Amino acid sequence: NPYAGLVNHLRAAWLSGKTRPMEYRMAQLEALGRFLGEKKQDILEATALDMGKPSFEAYFTEILLCKNELNDTLNNLSHWMKDEHVDKNLVTQLDSAFIRKDPYGVVLIIAPWNYPIHLFLVPLIGAIAAGNCVIVKPSEIAKNTERLVAEMLSCYLDNDCFAVVTAGVQETTRLLENKFDYIFFTGSPSVGRIIMTAAAKHLTPVTLELGGKNPCYVSDTCEVQNVARRVAWGRFFNAGQTCVAPDYVLCSVEMQEKLMPALREAITEFFGSNPRESPDFGRIVGDKQFRRIRALLCSGRVAIGGQTDEKERYIAPTVLADVLPSDPAMQEEIFGPILPIVVVANMDEAIDFINARPRPLAIYAFSCDSKVVNQVLERTSSGGFCGNDTLMHTALTSLPFGGIGNSGLGKYHGKFTFDTFTHRRGCLHRNMGLEALNALRYPPYSQQKLGLLSATFEVKRKGMCTLL
């Protein structure tokens, strides 16, 4: 296997204990901070070349949010690493019972192309913080960013413990044949199944950050202009190539009529009368992705936008009205600048529509009535939820980010990333003396011993008393 030597090299480094001291972890994390600072312009240029990403969006998602994750980790790492002492029973009162935060070992992070720095760096921060050795596999689709990461990251991190592998599908398949101690993958559900199958051969635990069709319910009682701005921003940010973007709107026919002019106004406000000329609107990452998204324009009727240019890989911010559940745009995650609107009679019908489909990565609900937002929250299931806005829940390091069911497995961001790459090792350190306390559990057994053993080991319900 072409990668066996690399994996073995990193495993030897991990077994040496090199990554375990807090000082080492902090030094590597500080080096990542220097990477972000010194290569800021290179990151902005690479993401612009790969997908026309506006520098504002690139700085916010690829640099600022990564710095937030990094600083949150640096600020709290000493606390996160500490042993967690736990409750004890009568028999172990004089002993030490605790949870040790152990690294898994050699972990693999496979990143996607849509946020090519953010979606490898945030899991990498947690993996380093937890004391692991790491192989990072950036996406080969975002070629310029892949080259930047491959050439530059080794200049900042310890090459005995951290490596970047550039690989296509065939090479990644060979890479996955090796035994890793943890695999973190961000991508589509179809590839997620392949990753999980490969991991199962070695009983390797995984985090799968997948996609899905994220519904956005808009009730009849809302500030229509505000809804239009927030939905349009979330849908057309990064030209719609965001795993948590609102994938479709559910609303009444009356609200659809109100939303259309408001969405048109918001799109013009954001990108001008010709979004193709706007410096603030990106492009589709590749020809294959462009053709797939363009084919979805036949769904419903094009109410706003719809213009395309294959040479530029440009698809205008588009809103589709009167879309049917059977239309092509409702059969797959769009992952592009197209927003279908599906008409429902009321909130109950919207909730039934959501619950009849695979659980999404995010659900959005808009209403001036907080009871409506809470009803959608309580009666549905999703990886995350945001009321009266889109995307913004993902910007908090204090909230876990991850999917459920078809949209993924596991979670990260902030301390949740550290926890994901940490094995919580249950430990009991007993006193060598006081052997008389152990006599109850040794043969020969007796009813008296069992009674005393039960009294010392039993966990009682709080608020309950025992009648003597």
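The values are calculated or read from the model by the stated rules, or taken from the named source; none is laboratory data. Please read all numbers here as calculations on a predicted model, not as lab measurements. Don't worry about glycine lacking a Cβ; one is built from the backbone with ideal geometry, like all the others, and counts go over all protein chains shown. Note: accessible area is taken over every heavy atom of the protein model, side chains too, but ligands, DNA and RNA are not part of it. Shrake-Rupley method; radii C 1.70, N 1.55, O 1.52, S 1.80 Å.
Restricting attention to segment 325-341, the residues that are in contact with a helix residue (DSSP H, G or I) (Cβ under 7 Å, 6 or more places away or on another chain) and open to solvent by less than 30 Å² (accessible area, probe 1.4 Å) add up to 8.
Filter segment 342-385 for residues that are open to solvent by less than 30 Å² (accessible area, probe 1.4 Å) and in a strand (DSSP E or B); which is farthest from residue 258 (Cα to Cα)? Looking at the filtered set, the residue picked out is 384. In this structure, residue 318 does satisfy being of a type in the set (S, T, N, Q), farther than 28 Å from residue 104 by Cβ and crowded, with 23+ Cβ neighbours inside 10 Å. Exactly one residue among 1, 8 is under 30 Å from residue 102 (Cβ atoms), open to solvent by 50 Å² or more (accessible area, probe 1.4 Å) and either among the β-branched types (Val, Ile, Thr) or at pLDDT below 95 (or both), and that residue is 1. If you take the residues of segment 87-134 that are assigned to a loop (DSSP other than H, G, I, E, B) and under 22 Å from residue 456 (Cα atoms), which of them is least open to solvent (accessible area, probe 1.4 Å)? Filtering segment 87-134 for residues that are assigned to a loop (DSSP other than H, G, I, E, B) and under 22 Å from residue 456 (Cα atoms), the one least open to solvent (accessible area, probe 1.4 Å) comes out as 95. For residue 291, the stated conditions hold: it is open to solvent by 50 Å² or more (accessible area, probe 1.4 Å) and within 20 Å of residue 188 (Cα to Cα). Screening segment 164-236 for helices (runs of 4 or more DSSP H) wholly inside it with 1 or more residues that are open to solvent by less than 60 Å² (accessible area, probe 1.4 Å) and of a type in the set (D, E, K, R) returns the ranges 224-236. For segment 72-103, a tally of residues being without any contact (Cβ under 8 Å) to a residue 12 or more places away in the chain and closer than 30 Å to residue 124 by Cα returns 2.
Here is the figure for segment 37-66: residues that are open to solvent by less than 70 Å² (accessible area, probe 1.4 Å) and in contact (Cβ under 8 Å) with a residue 12 or more places away in the chain total 18. The one condition from (1) touching a strand residue (DSSP E or B) at 6+ places or on another chain (Cβ under 8 Å); (2) open to solvent by 70 Å² or more (accessible area, probe 1.4 Å) that residue 401 does not meet is (2). Exactly one residue among 217, 248 is of a type in the set (Ser, Thr, Tyr) and in contact with a Pro (Cβ under 7 Å, 6 or more places away or on another chain), and that residue is 248. Residue 164 meets each of the listed conditions (1) touching a residue at least 40 places away in the same chain (Cβ under 8 Å); (2) over 25 Å from residue 354 (Cα atoms) apart from (1).
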